[in-house]
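Inspection log for the structure reproduced underneath, given as structure tokens.
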Amino acid sequence: MADKLSHASLLQILEWKMDHLTARNVVAVALRESELGEKPEYEKAELDRLLPVLKAEYGGNMEKVEKGIVEFFNPPPEPAPVVLPPVVEVVAPPPPPEPAPPVAEAEVPADAPPAEKVDEAKPDAAAEAEAKDDKSEKKKKGK
């Protein structure tokens, strides 16, 4: 809370209502009529004497000026700080993996002989020969 209002601040408050030159003239007349005289700073009691003279000099429509002087000595309380909620990060799910490219079959030249298919159910020739040898040995032993 301020104790004194400077002359320049008083002029600024009056300039809310009128232009600069008019404010200077109105303040000069009001200070002379209230017998305060121009000073570098004015106390609240002096401004309480000056305000009715200002209203009489300029007219009764001085609410904005009066409000400015009152707020200078009794500033409104500071508004409470705005508390924002915490920021929540939204994480997008990772993109699905790209499918593996199809495996290309080996190109076979048109004039190549057809490939033999291996049948897993049939034993190969070496296994057949071995099985025959086992049977023939059993027959020999049995005789």
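Any read-out appearing in this document is the output of simple, stated calculations on the displayed coordinates, not a laboratory observation. What you are looking at is a predicted structure, and each value in this text was computed from that prediction instead of being measured. Cβ: placed from backbone, ideal geometry, glycine included. Neighbour counts: every protein chain shown.
For the stretch 4-73, lysine pairs separated by 8 or more sequence positions, or belonging to different chains, with Cα-Cα distances below 15 Å total 8.
The stretch 4-73 has equivalent-ellipsoid semi-axes of 15, 14, 12 Å, by the square roots of 5 times the alpha carbon gyration tensor eigenvalues, sorted largest first.
Below 13 angstrom from the Cβ of GLY37, what's the summed charge of the other residues (Lys, Arg +1; Asp, Glu -1)? Cβ neighbours under 13 Å give a net charge of -2.
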